[in-house]
Every structure is written in structure tokens, then in C-alpha cells.
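The values are calculated or read from the model by the stated rules, or taken from the named source; none is laboratory data. Only a predicted model underlies this, so the values are computations on that prediction, with no experimental measurement involved. Using ideal geometry, Cβ is built from the backbone for each residue, glycine included, and neighbour counts are taken over all protein chains shown.
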Amino acid sequence: MIIHEGYENLNLVSPVVTLGVFDGVHRGHRALLESLVSRALDMNGESVVITFSTHPKLVLDKYTDDLSFLTTTEEKIILLENSKVDHLVIVEFNKKFSQISACDFIEEVLVKKIGAKHLIIGYDHHFGRSGEGDFNTIAHCSESHDFVVEQVQGLHTEEGAISSSSIRDALLNGSIDLANKWLGYSYSISGTIVGGRKIGRVIGFPTANIEPDYKYKLIPANGVYAVEVRLDKERYPGMLSIGSNPTVNSDNKARSIEVNILDFNEDIYGRAISVNFRKRLRDEVKYDTREQLAEQMKLDKKQVMELFM
């Protein structure tokens, strides 16, 4: 996959295009991307994905503190590469860009700059100023150009339609199994290991505190999770806690992400770490004593070990 910063000076062969945020690059997105790649092969052309360097909500929403997303730009690039797309065009999304109408975008960007002959969009896709460009608008705008618009249907499971927003809701509710099913892979968080209070060492379960790399990365619901830990090229089973650790932090309500890497004892402060969420084990609980917490963590460890056997 060739990555382009912006759409100037492109030299593409019969490009078949799709565009969107693609937060999560979930199973629904990948079904659309399969159609894109297949259509490009049929036309002896190249498949092109247009996405944005910044999520539009971070530019358009007045309040951004509560926003959270499934993937960083770097994570999206890796997932899109796995979809066998020929070209990825990353466009800077700013206030000026947000004011371009759907019809102007088709004419000035897709047709004149990219040379697109075929556009594929999802069943609920909107683009252009104020989201005015739905399928009917786009089809009408394309009539004056040698340009075809194709709409693909969304992907549904027995639990409902797959979308980025439904996956975000599932994660915020602690429904890791459902979120991973809709994503088609295990949700992950990457960050740096920072210093903590080291209370885990006292009860026999030393933990590494994770500071996420991306401010807007969605953090799943509070609780204890079985995770796969990645340090450099090595992988380890682990149990991860999200929350305020009420048993040992009764005076501190700050939320933290801490992982105990099973049977691991190295000093890893300052190192990069990633965790893949495999299963939610339980809610966060306030125990009367640290000894009770330690006994519960032994049971948690047993579940994790059984999962990774």
C-alpha cells in the first residue's frame, strides 16, 4: 500500500475510491474494502482509500474532552494495509476543508485531482459540508461527470449492525467479547510504562502502569481483564485492571490502567507496551483487606492461565 499525504500530484490508474474516517477498520469497513479491491481488479484499476489525519469531531465539535476513538492513525494504516488496498490518501481535515460541499468535493477532488471514475460508499455514509452528501446527493452530483457511485450494504450480526459507534458503546459497557467480534480482532491499547505506587508488589502481584500514547484512545469500562501483553517482539499473558483500585486507593478516585504480566519480573519502566483485550473477568470490587484482594487475584490469574493454555 502506497501512502500519500494529501491529493496533489497523484498519478493513479483508473482509481476506484472510497472515503471515510474508518475508526476501528472493523468487519463492516473490511467488507466495504473487499468490494473496493474487487471492483478495482475488475476495472484493471487501483483501489484508493481517502481518510483524514484528524478525526472530524476533533475539529467540528465545540467540546472534545469526552471524545474517544478506537484507533490512532498509525493503527488504521496497519489495518488498511492488511486489507490489500493499493493507495491510502491521508487528507488534513480542518475548518476550511469541512466547508467543501459534497458536489464540489466530487468535482474538484475526486474527479480533477484523483481522477476517480468509480466511488464506493457505505450504506449510511455522509460527507461534505454538514454531512449533506448522502447516496442520493452524491449520485445526483455525479450525473454531470463520467463518474459512477456504488453503495454497499452494511454488515449485520445477530446482535445488530456493525458500526464504530456500536463498538465504542460495547467497550464502554465492558462487552469485550462483542466488541472483538464486531472488530474482527482483539481491541488494543498502546502506551508507555510509568511509575506507580508499587502496592502490587506488596501483595505479590507487581503491576505496570500504562500511560496511553493517544489522548483520545478509548479506554474500556472499569474492571479486570485477561490481556495479551506485547513488549518488543515478545508476548505474555497478563491480567489488567482499569479503575481507581478502591481496595488500596480509598482516598484517590483517579482512573488508572495497570497490568500484571504473569510470571514476569523485569524492570520495564519507560518501555513501550501494548495490550490486546481478550476477555473481561469481573467488575472492579472494593475488598475489606489487601489479603482478600490478593486471594481474588490468584483466582483471576488462574482464569487467565486457563484462557491462554
Exercise. Quick one: which residue in L119, L41 is in contact (Cβ under 8 Å) with a residue 60 or more places away in the chain and not in a loop (DSSP other than H, G, I, E, B)?
Key: L119
Self-check item: Pairs, first over 14 Å from I120 (Cβ atoms) and in contact (Cβ under 8 Å) with a residue 24 or more places away in the chain in the stretch 9-27, second among the aliphatic types (A, V, I, L, M) and assigned to a strand (DSSP E or B), C-beta under 8 Å, six or more apart
Solution: L10/V89; L12/V48
Practice problem: State all residues of the stretch 2-28 that are at positive phi and surrounded by fewer than 17 Cβ atoms within 10 Å (Cβ to Cβ); if no residue qualifies, say none. | Solution: G6, N9, S14
Quiz item: Of all residues in the stretch 258-287 being aromatic (F, W, Y) and farther than 21 Å from S175 by Cα, which is surrounded by the fewest Cβ atoms within 10 Å (Cβ to Cβ)?
Solution: Y269
Self-check item: Residue selected from the stretch 93-107 under the condition under 22 Å from S47 (Cβ atoms) and not small (G, A, S), by the criterion surrounded by the fewest Cβ atoms within 10 Å (Cβ to Cβ)
Solution: E107
Practice problem: Determine if the stretch 233-252 includes at least one residue that is free of Cβ contacts under 8 Å to residues at least 24 places away in the same chain, under 22 Å from the mean Cα position of the chain (by Cα) and under 17 Å from G191 (Cα atoms). | Solution: yes
Quiz item: under 27 Å from M43 (Cβ atoms), at pLDDT 90 or above and touching an Asp or Glu at 6+ places or on another chain (Cβ under 9 Å) - does that describe any residue in the stretch 152-164?
Solution: no
Practice problem: Pull up the stretch 288-309, narrow it to residues that are part of a helix (DSSP H, G or I) and of a type in the set (D, E), then point me to the one that is surrounded by the most Cβ atoms within 10 Å (Cβ to Cβ). | Solution: D300
Quiz item: What is the one condition in (1) part of a loop (DSSP other than H, G, I, E, B); (2) within 18 Å of the chain's Cα centre (by Cα) that D124 does not satisfy?
Solution: (2)
Quiz item: Would a scan of the stretch 58-69 turn up a residue that is of a type in the set (A, V, I, L, M, F, W, C), assigned by TED's automatic domain parsing to the domain that holds L155 and modelled with pLDDT of 95 or more?
Solution: yes
Exercise. Can you work out which of the residues in the stretch 44-70 that are of a type in the set (S, T, Y) and not in a loop (DSSP other than H, G, I, E, B) is farthest from G122 (Cα to Cα)?
Key: S47
Self-check item: Matching residues in the stretch 168-184 - criterion: being under 12 Å from the mean Cα position of the chain (by Cα) and either without any contact (Cβ under 8 Å) to a residue 12 or more places away in the chain or part of a helix (DSSP H, G or I) (or both)
Solution: R168, L171, A179, N180, W182, L183
